[in-house]
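Engineer: Have a look at this one.
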Amino acid sequence: MKILVVDDEEDVKSLFEQKFRKEIRSNVFEFSFAFSGEEALAYLAKHPSEVVMILSDINMPGMSGIELLKSIRTDFPAAPPQVMMITAYGDSKNHDEAMKLGADDFLTKPVNFVELKEKLLLVNN
C-alpha cells in the first residue's frame, strides 16, 4: 500500500522509516513524504491513482492540513485516497472540520505507532 506522509517536520521521515522498517522491507507499505501541503498536491498530481492513504499533519506553515484535505477531496475525486489527519492539538474544532471535509480518521501527536500500524493494516486488507 502506497502511503503519503505530509508533515513540515522533516524528522518524521526517519521516524516512519524506523517504526515501519519491517513492513517497508516486506513491501507491505511504501512511504513517500511531502513537507508541505503544496508539495503533497504536486506529488498527487504526478501520481494521481497510486496513493492509497495520506497521513497529514494539520498545523503546517503555508497550506494547512485542513486546506490540503479540502483540495484533495475537490481535485482528486476519481481516485480518492483515504486521509488520516494528525495533530498535536486534540481540539474538537479541528477534528469536526476535518471530519466534515471527509477525513477518514484522526490521530493526535505523539503518534501511537502500534495503533497506527493496526489501522493501516486494516485498510490494506
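What follows draws every value from the coordinates through simple rules; no lab data is involved. As the structure is a computational prediction, the values presented were derived from the model and not from experiment. Methodologically, a virtual Cβ is constructed for each residue, glycine included, from the backbone with ideal geometry; neighbour enumeration extends over all protein chains shown.
Engineer: Suppose a student asked you for the relative contact order of the chain, using Cα pairs under 8 Å spaced at least 6 residues apart; what percent would you report? Intermediate values should be presented prior to the final figure.
Structural biologist: Numbers: 175 pairs, mean separation 29.1, N = 125.
Rounded, it is 23 percent for the chain.
Engineer: Are any of the pairs Lys19/Lys46; Lys13/Lys117; Lys46/Lys70; Lys2/Lys119 more than 22 Å apart by Cα-Cα distance, and if so, which? Don't jump to the answer; show the numbers that get you there.
Structural biologist: Working: Lys19/Lys46 27 Å; Lys13/Lys117 16 Å; Lys46/Lys70 19 Å; Lys2/Lys119 14 Å.
From Lys19/Lys46; Lys13/Lys117; Lys46/Lys70; Lys2/Lys119, over 22 Å: Lys19/Lys46.
Engineer: Another question, then. Round to a whole angstrom and tell me the spacing of the C-alpha centers of region 33-71 and region 79-124.
Structural biologist: Their Cα centres are 14 Å away from one another.
Engineer: If each Cα of the chain is one equal point scatterer, what is log10 of I(q)/I(0) from the Debye formula at q = 0.11, 0.14, 0.19 Å⁻¹?
Structural biologist: Per q value, in the given order, log10 I(q)/I(0) is -0.33, -0.54, -1.06.
Engineer: Another question, then. Using the crude model of +1 on Lys and Arg Cβ and -1 on Asp and Glu Cβ, and no other charge, please compute the dipole size for the chain relative to its Cα centre, in debye to 20.
Structural biologist: I would put it at about 400 debye.
Engineer: Between Phe16, Thr74, Leu120, whose Cα lies farthest towards the positive end of the dipole of the chain when Lys and Arg beta carbons carry +1 and Asp and Glu beta carbons carry -1, centred on the Cα centre?
Structural biologist: The residue sitting most towards the positive pole is Leu120.
Engineer: Along each of the three principal axes of the Cα atoms of region 66-109, give the extent in whole Å, ordering the values from largest to smallest.
Structural biologist: Extents along the principal axes, in whole Å: 31, 15, 12.
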